[in-house]
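S.K.: Mind having a look at this structure? Questions to follow.
No lab work stands behind these numbers, since they all come straight from the coordinates. Computed from a predicted structure; not experimentally measured. Glycine also receives a Cβ, built like all others from the backbone with ideal geometry; neighbour counts cover every protein chain displayed.
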Amino acid sequence: MDVIAHALWTTAAGLAARPGLKQRIHLRWAAMWGVLPDIAVFAVPAAVRIGRFVSGASKSLLPDGTGPRFDWIWGLYNFTHSDVLFAVCFGLVWLWLRRPVLEMLGWGLHIFIDIFTHQDMFAIRFLWPLSPVHRNGIRWETPWLLAVNYAALASVYLWMWAFSRRAGRLSGRLLSRAGRAPTMPGR
């Protein structure tokens, strides 16, 4: 999945989970955890390649054989896309802070989505380092999958918007029946 879709799915999950939780979910942090696995892996190579392109060292953003190699990326990719290591990190932070950091679940959602939307050399080894098992999913950049993904995101956000407006009207009616006039935000 692309970085924008990861941020949007993580934010939608956080919005959906908020009403049923006692603990507050900070959506910006959840979205950050949702994109972290890709940003941590691809930010440095992208910056170097863009810098080479801008400086004229390379006429394309693709390596021309003389540029830096980023072989170390695959170890970091396996780390950031491993359910095993996510669970260990989540558990350690929970023990350290004595509470779960629910925003970190964005990282787990990222891995779950990528299991089904990556293949070949980007197939997620979600049990790494315990097992090299992976699933060859559908490439996220496949045009029909991109269309379905963003249509689903639009539908989810539209549904949440409509539900929140309906819930707001319903709570306003209940408050007015109880003898209290509802107040509008900002008044």
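S.K.: Calculate the spin-label point distance for Val3 paired with Arg135, positioning each point 7 Å from the Cα along the beta-carbon direction, and give it in nanometres.
M.R.: 2.6 nm
S.K.: What order, most packed first, do the peptides 8-21, 104-117 have when packing is the mean number of other Cβ atoms within 10 Å of each residue?
M.R.: Ranked by mean Cβ neighbours within 10 Å, highest first: 104-117, 8-21.
S.K.: Rank His81, Met32, Phe126 by how far each Cα sits towards the positive end of the charge dipole of region 3-140 (+1 on Lys, Arg Cβ; -1 on Asp, Glu Cβ) and give me just the farthest.
M.R.: Met32
S.K.: Mind checking the full-extension length gain between Phe70 and Ala16? Use 0.36 nm per residue of separation minus the Cα-Cα distance, one decimal, nm.
M.R.: Stretched out fully, the Phe70 to Ala16 stretch lengthens by 15.6 nm.
S.K.: Between Ile115 and Phe163, take the C-beta separation as r, use R0 = 25 Å, and let me know the FRET efficiency to the nearest 0.05.
M.R.: After rounding to 0.05, the efficiency reads 0.30.
S.K.: While we're looking at this one, here's another question. Work out the length of the dipole vector of region 3-140 about its Cα centre, built from +1 on the beta-carbon of each Lys and Arg and -1 on the beta-carbon of each Asp and Glu, and round it to the nearest 20 debye.
M.R.: 400 debye
S.K.: On to the next question. Ile50 to Gln23: extension gain in nm, 0.36 nm per residue of separation minus the Cα-Cα distance?
M.R.: Stretched out fully, the Ile50 to Gln23 stretch lengthens by 5.6 nm.
S.K.: Could I ask something else about it? Modelled label-to-label distance, Thr142 and Arg98, 7 Å Cα→beta-carbon offset: nm?
M.R.: 4.9 nm
S.K.: Working only with C-alpha atoms, what are the Rg and Dmax values of region 3-140, expressed in angstrom?
M.R.: 17.1, 55
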